[in-house]
1. Scan (1) crowded, with 16+ Cβ neighbours inside 10 Å; (2) at positive phi for the single condition GLY43 breaks and write down its number.
2. What tally of residues in region 124-148 results from selecting those that are more than 16 Å from GLN23 (Cα to Cα) and touching a residue at least 24 places away in the same chain (Cβ under 8 Å)?
3. Which one of these is among the hydrophobic types (A, V, I, L, M, F, W, C) and touching a helix residue (DSSP H, G or I) at 6+ places or on another chain (Cβ under 8 Å): ILE104, ILE69?
4. Determine whether ALA182 is out of contact with any Leu (no Cβ under 6 Å at 6 or more places or on another chain), at pLDDT below 60, over 30 Å from HIS19 (Cα atoms) and assigned to a helix (DSSP H, G or I).
5. Only one of GLY25, GLY70 is surrounded by 14 or more Cβ atoms within 10 Å (Cβ to Cβ), touching a residue at least 24 places away in the same chain (Cβ under 8 Å) and within 20 Å of SER145 (Cα to Cα). Can you tell me which?
Amino acid sequence: MFGMFARLINAVWCLQTSHKVRQWGVTIAMTAGFVLISWCLMGTQRTPGYINPKLEYKFWISLVASTIIGISTALGEANVVALLKNFPSRTIGYFGSGTGFAGISGTSMLLLMNAAGMKDWAIYMTAAPTTIPYIYCCLWIIQKSHMYKFVPEVIKAPNSEVDNFEKQQNDELLAGDSAKLAAKLNVTEEMSRT
């Protein structure tokens, strides 16, 4: 439900905002969520089924912080997927497998740190600095997306005449034979008109 809410926020309000500003907002929200959850867990004891009435407000704050993390994660995913339109289509598969592995590795790290005896608040506090490489990776993707112009991919049969013609064009461009290439392009344009 919150993912759908995040997509709605992205579609209504965020499309007029640059990718960089959106990604900074996501990073700040994620960091704040981790720090808030860590603060809520400080000084609490783990007794299953028991909530100290004096600390009940921390439960509600941690619930809000978890919601903030969930919404910011969905917004961040939508933003990165939107950026990937400037890259070859296979990159969406790389991104999808990375997000799938993140769930497995994140849960594993949580269990391992818990088994090592780390307190819950310390585990969440160590998660907060992970947003630093996250924002740098996102800024790198944003920078690379501005360097390349979107070119839709054309699916063609391998070793087709079109493929061989494009290879020959590239070879002639590299060889510097632009006059010969221009003449060929004019001939192919005239052939396509008829």
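The values are calculated or read from the model by the stated rules, or taken from the named source; none is laboratory data. Here the structure is a predicted model, which means the values were calculated and not measured. All Cβ positions, glycine included, derive from the backbone under ideal geometry; neighbour counts span all protein chains shown.
1. Result: GLY43 fails condition (1) only.
2. Residues in region 124-148 being more than 16 Å from GLN23 (Cα to Cα) and touching a residue at least 24 places away in the same chain (Cβ under 8 Å): 4 in total.
3. ILE69
4. Judged against the criteria, ALA182 is a match.
5. GLY25
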